[in-house]
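What follows is calculated from the coordinates using simple rules that are stated; it is not laboratory data. Everything quoted here is computed from the prediction, not taken from an experiment. Cβ placement follows ideal geometry from the backbone for every residue including glycine, while neighbour counts extend to all protein chains displayed.
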Amino acid sequence: LQANQDLVSRMEDFRTEALDAQSAQRAAEQAQRAAEMELASARNDVDRLNDELTAALDERRSLGNQLEVAQASGFDITSVVAMPRIEAQLSNVDTEYGFVILNKGTTDGVERGFTFEVTRGSEWLGQVRVDWVYDGYSTASITVPNGEMRALDVASTYLN
């Protein structure tokens with residue numbers, strides 16, 4: 001009888017250990033699935049960051065190329081000052097005296113000394129520097145000519 005009770009007791013212990021082992025196995029499987037999901041998420045993050053890095057490097061290369069073109073055309077990088085992004089149009093061009101009239105002035109944030117890059121479409125025509133500023137317009141000297149500037153050409157404080 002004692003032997004039977006010992007066997008039943010040991011059997012219950014084994015059953016308890018088996019149930020505990022099954023619970024531990026389920027917990028381990030759940031932890032593994034969670035870890036696999038975290039790994040997949042981390043891989044997605046790495047892929048996204050690699051895409052962003054590639055895009056940033058492409059943009060850096062493009063900006064470097066634009067800067068090289070501008071410098072080869074006579075653009076002086078040291079003349080760049082912190083200016084707000086302003087886009088204007090040339091209202092008039094006086095090639096004889098080397099100045100232009102811009103359709104933006106103090107009300108638009110233009111200040112004396114600002115430089116504008118003049119373009120027509122994708123063609124860079126040169127650079128002008130603001131000499132006089134009025135409420136609704138300003139006058140600027142042509143500092144770096146690179147083409148024939150005309151009325152309605154675009155003048156920007158930034159390179160496109």
Please say if segment 9-135 is rounded, prolate or oblate, where rounded means a/c under 1.5 for a ≥ b ≥ c the square roots of the C-alpha gyration tensor eigenvalues, and otherwise the choice is prolate for a/b larger than b/c and oblate otherwise?
prolate
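Count neighbours as other Cβ atoms within 10 Å of each site's Cβ, and list the trypsin sites (Lys or Arg not before Pro) in segment 22-117 that are DSSP loop with at most 15 such neighbours.
Counting only loop positions with at most 15 other Cβ atoms within 10 Å, the trypsin sites (Lys or Arg not before Pro) in segment 22-117 are Arg85, Arg112.
Could you work out the relative contact order of the chain, using alpha carbon pairs under 8 angstrom and six or more residues apart, expressed as a whole percent? Walk me through the intermediate numbers first.
Values: 204 pairs, mean separation 30.5, N = 160.
It rounds to 19 percent for the chain.
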Shape call for segment 102-160 from the C-alpha gyration tensor, a ≥ b ≥ c root eigenvalues: rounded (a/c under 1.5), prolate (a/b greater than b/c) or oblate?
prolate
Low-density loop positions, GluC sites (Glu not before Pro), segment 110-160 - DSSP coil, at most 11 other Cβ in 10 Å:
Glu148
Measuring from label point to label point, each 7 Å out along Cα→Cβ, what is the Asp47 to Ala21 span in nm?
3.9 nm
Counting other Cβ atoms within 10 Å, which GluC sites (Glu not before Pro) in segment 24-105 have at most 15 and lie in a DSSP loop?
Glu96
With θ set to phi - 60°, apply the Karplus curve 6.51 cos²θ - 1.76 cosθ + 1.60 along segment 94-110 and write out the HN-Hα couplings as whole Hz, x wherever there is a Gly or Pro.
10, 6, 5, 9, x, 9, 10, 10, 9, 7, 10, x, 4, 5, 9, x, 6
